[in-house]
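Each reported figure results from applying straightforward, stated rules to the coordinates on display, with no laboratory input. If you're wondering where the values come from, they're calculated on a predicted model, not measured in any experiment. Because the Cβ atoms are built from the backbone with ideal geometry, glycine has one as well, and the counts that use them run over all protein chains shown.
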Amino acid sequence: MPEDLLPPLLRIPLIKKIRRLWAKKLLEVSAGTIVFYYPKGASEPEFLLIERGFPFNDWVFPKGKVEAGEEIRQTALRETMEETGLDVEIVDEISSYSYTYFWDPTNEKATKTVHYFLARSDQNTSNIDHQSDMGHEASSFKQIKFFVADEAANLVKHQVEREMIYKAKQKILEQSDEYQV
């Protein structure tokens, strides 16, 4: 049977499965934003995504780990600024969810809770410097761009992210007069 037809668990080499039994367990809390830009006269808002390069090769919302003594909303705003260069305004809470992942290079099993906030931007990507992050992550960012909801939903990897895009779009359209720039 070709490997790409196997279930994901069966594609993991046996040595990696055994090593993961002794993985260091971590609890992580992260926060991020679902940033939208809604120009006056547009039929719908656009949503910001970051394209990450190797080893991830995916499109994500800006997010990062909560630092000691930091409020979750502060983290969301800080990470958005660091990763995109945008100074945004949080207008609502969107969703929180948890998931577990393995990080094989350090043999860690992390259970991560991510809190997302709906945030408004008054500028689009023509003003974004994708090397704005002062950390190591910026070098792995390929591009930062706004997309209409359907395009953004097709680019993100996880169903929960697609659901958040449509939930955000609905909230924005319900208050479109307030959110258009």
Handout entry: Selection from the stretch 142-181 of residues that are in a strand (DSSP E or B) and either of a type in the set (A, V, I, L, M, F, W, C) or under 21 Å from Val114 (Cα atoms) (or both)
Key = Ile144, Phe146, Phe147, Val148, Val156
Exercise for the section: Can you tell me which residue within the stretch 68-95, out of those that are surrounded by 14 or more Cβ atoms within 10 Å (Cβ to Cβ) and small (Gly, Ala, Ser), is farthest from the chain's Cα centre (by Cα)? Expected result: Gly85
Problem - Residues of the stretch 57-88 that turn out to be closer than 12 Å to Ala119 by Cα and in contact with a helix residue (DSSP H, G or I) (Cβ under 9 Å, 6 or more places away or on another chain), as a count - result: 5
